[in-house]
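Here's the structure, in C-alpha cells; my notes come after.
The values are calculated or read from the model by the stated rules, or taken from the named source; none is laboratory data. Quick caveat: nothing in here was measured; it's all calculated off a predicted structure. Here the Cβ is made from the backbone with ideal geometry for all residues, glycine too, and neighbour counts use every protein chain on show. For the accessible areas, the whole protein counts, side chains as well, though only heavy atoms, and no ligand, DNA or RNA atoms are used. Shrake-Rupley method; radii C 1.70, N 1.55, O 1.52, S 1.80 Å.
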Amino acid sequence: MRPFSYTAPATVAEAVDVLAASGPGTKILAGGTTLYDLMKLDIEAPTAVVDVHRLTELAAIDTTGPGEFSFGAAARMADVADDPVLRRDFPALAESLAKAASQQLRNMATVGGNLLQRTRCGYFRGGPAFPCNKREPGSGCAAFGGLDRGHAIFGGSDTCVATYPGDWAVALRAFDAVVDVIGPRGERTVAIADLHVEPGDTPQREHTLAGDELIVRIRVPVTSAGRGSTYHKIRDRESYAFALVSVAAGVAFDDQGAVEDCRIALGGVATLPWRCPAAEMVLTGERLTEESALRAGEAAFAGARPGAHNVFKIELGVRTVADALRIAGERAVR
Ligand SMILES: Cc1cc2nc3c(=O)[nH]c(=O)nc-3n(C[C@H](O)[C@H](O)[C@H](O)COP(=O)(O)OP(=O)(O)OC[C@H]3O[C@@H](n4cnc5c(N)ncnc54)[C@H](O)[C@@H]3O)c2cc1C
C-alpha cells in the first residue's frame with residue numbers, strides 16, 4: 001500500500017482550508033465506493049485524502065421546490081432514490097439512482113461521488129497488462145482491435161472509447177441540472193453539460209473541476225417534463241450492473257395533446273452523459289405515438305460510430321428510447 005495522509009474536516013469551510021493547503025496529489029473522499037477500489041488497483045495513488053463523507057452541511061435533500069430541487073453532495077444515493085416527492089414528481093432522477101449499483105453500495109455512496117466516478121472499461125481497470133491512454137497517456141488503447149462490446153459509440157476519439165458509467169448524471173443531463181462547487185478560489189456553478197468532457201487527445205481528463213474544488217450540491221429545475229419522466233436502463237442482468245444502454249426521458253404535453261417539452265439523454269453508449277437535441281426536436285410539436293417515438297430513437301442514434309462488437313447498441317438504443325418515451329408519456333399530466 002502507498003502511504004497517504006487522511007484528514008476529516010468538521011465543516012465545509014475547514015475542508016476548503018485543508019484543500020487550499022494540500023498539494024496536487026490530494027483526493028476528496030466521500031463514500032469511498034469508487035476511490036478505494038481505484039487505489040487498490042493502483043490507478044489512483046493520492047498522497048492526501050480529505051474525507052467529506054460526514055459533513056452534515058453537505059447532506060441536505062430539499063424537494064420542497066417550487067422552482068428547483070437541491071441535493072447535497074454527501075447525500076446518500078439511497079436516501080435520494082427513496083425520497084417520496086422525488087419519486088412522484090421527478091421519477092427519472094429517483095430511478096436513475098435506484099437502478100444504480102446495489103442497495104449496500106447506495107447506502108454508502110453519495111450523489112456527489114457518483115458524478116465523478118471513473119470509467120469501468122476493463123482495459124482501464126485491468127492494470128499494466130493492457131495499454132490505456134486514460135490510465136497512462138500515450139500508451140495506446142487496447143479497446144481498438146480488442147473487445148469493445150461495452151464501449152462508446154458516441155463521443156469517442158482516436159485515443160479512447162471508454163464509456164462514462166454513471167446513471168445519475170445522465171438523468172441530470174436531460175433536465176439541465178447545475179452543480180455548485182467551492183474551493184480556495186471561491187464558489188462557482190457549473191452546468192452539468194459542462195462538467196464532463198469528451199476524451200479528445202487528453203482522455204485522462206474526464207471533468208472540468210480542479211482537484212481542490214469540492215462539489216457542494218446539485219440543483220435541478222422542476223419542470224412538467226420531470227413529472228412525466230423515466231430512467232430506462234438495459235443491462236446484462238437486472239440485479240445490478242452498469243448500463244449497456246440507458247435513456248433518461250421526459251415529456252410534457254400542451255392543451256392539444258402535442259409534445260411541448262421533450263428531454264432525452266443517453267447512458268452506456270457515450271464517453272459522457274449524452275443529450276440528444278435532434279431527437280427531442282423530432283417529437284416537439286408532434287403527437288407521441290409508437291411511430292414518432294421510434295423516429296425519435298432513430299434520430300438519437302443517427303451518427304453513432306460503433307466498433308467491432310457494439311453495433312448492437314444502435315438497434316437496442318433506438319428501441320430503448322421509444323420504450324422510455326412511452327413510459328414517460330403515460331406518466332405525464334394531460
Ligand atoms: C459493484 C459496483 C457496481 C456499481 N454499479 C453502478 C451503476 O450501475 N450505476 C452507477 O451510476 N454507479 C455504479 N457504481 C458506482 C457507484 O455508484 C459509485 O462508486 C458511487 O456513486 C461513488 O460515490 P462515493 O460517495 O462512494 O464516491 P467516492 O468513491 O468517495 O469518490 C468518487 C470520486 O468522486 C470524488 N468526490 C466525491 N465526493 C466529492 C465532492 N463532494 N466533491 C468533489 N469530488 C468528490 C472523489 O475524489 C473520487 O474521485 C457501482 C459501483 C460498484 C462498486
Answer residue from segment 26-82, given it is closer than 25 Å to GLU206 by Cβ and of a type in the set (Lys, Arg) and is farthest from the ligand (Cβ to nearest atom) among those
LYS40
Counting only residues in segment 277-314 that are in contact with an Asp or Glu (Cβ under 7 Å, 6 or more places away or on another chain) and open to solvent by less than 20 Å² (accessible area, probe 1.4 Å), the one farthest from GLY156 (Cα to Cα) is identified as SER292
VAL333 fails exactly one of (1) modelled with pLDDT of 95 or more; (2) surrounded by fewer than 18 Cβ atoms within 10 Å (Cβ to Cβ), namely (1)
Go through (1) touching a residue at least 12 places away in the same chain (Cβ under 8 Å); (2) part of a helix (DSSP H, G or I); (3) under 21 Å from the mean Cα position of the chain (by Cα) one by one and return the number of the condition TYR36 breaks.
(1)
Single match in ALA162, ALA171, ALA193, ALA142 (criterion: open to solvent by 40 Å² or more (accessible area, probe 1.4 Å) and either in contact (Cβ under 8 Å) with a residue 12 or more places away in the chain or under 30 Å from GLU14 (Cα atoms) (or both))
ALA193
Which numbered condition trips up GLY186, out of (1) of a type outside the set (Asp, Glu); (2) assigned by TED's automatic domain parsing to the domain that holds GLY67; (3) surrounded by 16 or more Cβ atoms within 10 Å (Cβ to Cβ)?
(3)
Looking for whichever is over 18 Å from the mean Cα position of the chain (by Cα) and assigned by TED's automatic domain parsing to the domain that holds ALA249 here; the options are LEU283, LEU266, LEU272. Which one fits?
LEU283
Provide a single number: the residues in segment 226-245 that are small (Gly, Ala, Ser), surrounded by fewer than 24 Cβ atoms within 10 Å (Cβ to Cβ) and touching a Lys or Arg at 6+ places or on another chain (Cβ under 7 Å).
1
Find the residue count for segment 125-134, including only residues that are open to solvent by 60 Å² or more (accessible area, probe 1.4 Å) and either charged (D, E, K, R) or modelled with pLDDT of 95 or more (or both).
1
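Looking at segment 89-103 only, could you name the residues that are crowded, with 16+ Cβ neighbours inside 10 Å and within 12 Å of the ligand (Cβ to nearest atom)?
Taking segment 89-103 first, the residues crowded, with 16+ Cβ neighbours inside 10 Å are 89-101.
Of everything in segment 89-103, those that are crowded, with 16+ Cβ neighbours inside 10 Å and within 12 Å of the ligand (Cβ to nearest atom) turn out to be GLU95, SER96, LEU97, ALA98, LYS99, ALA100, ALA101.
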Note: among LEU93, LEU105, LEU97, LEU147, just one is touching a helix residue (DSSP H, G or I) at 6+ places or on another chain (Cβ under 9 Å), touching a residue at least 12 places away in the same chain (Cβ under 8 Å), outside any loop (DSSP other than H, G, I, E, B) and over 30 Å from SER224 (Cβ atoms), namely LEU105
Can you name every residue in segment 193-202 that is within 16 Å of the ligand (Cβ to nearest atom) and either touching a Pro at 6+ places or on another chain (Cβ under 7 Å) or not aliphatic (A, V, I, L, M) (or both)?
ASP194, HIS196
If PHE71 satisfies every condition in (1) in a helix (DSSP H, G or I); (2) open to solvent by less than 40 Å² (accessible area, probe 1.4 Å); (3) of a type outside the set (Lys, Arg); (4) under 26 Å from VAL245 (Cα atoms) but one, which is the exception?
(1)
Residues located in segment 104-122, provided they are open to solvent by 40 Å² or more (accessible area, probe 1.4 Å) and either more than 11 Å from the ligand (Cβ to nearest atom) or aliphatic (A, V, I, L, M) (or both):
LEU105, MET108, LEU116, GLY122
Within the group LEU58, LEU86, which residue is within 30 Å of THR223 (Cα to Cα), in contact with a strand residue (DSSP E or B) (Cβ under 6 Å, 6 or more places away or on another chain) and not β-branched (Val, Ile, Thr)?
LEU58
Looking at (1) within 16 Å of the ligand (Cβ to nearest atom); (2) part of a loop (DSSP other than H, G, I, E, B), which is the one condition that is false for LEU172?
(2)
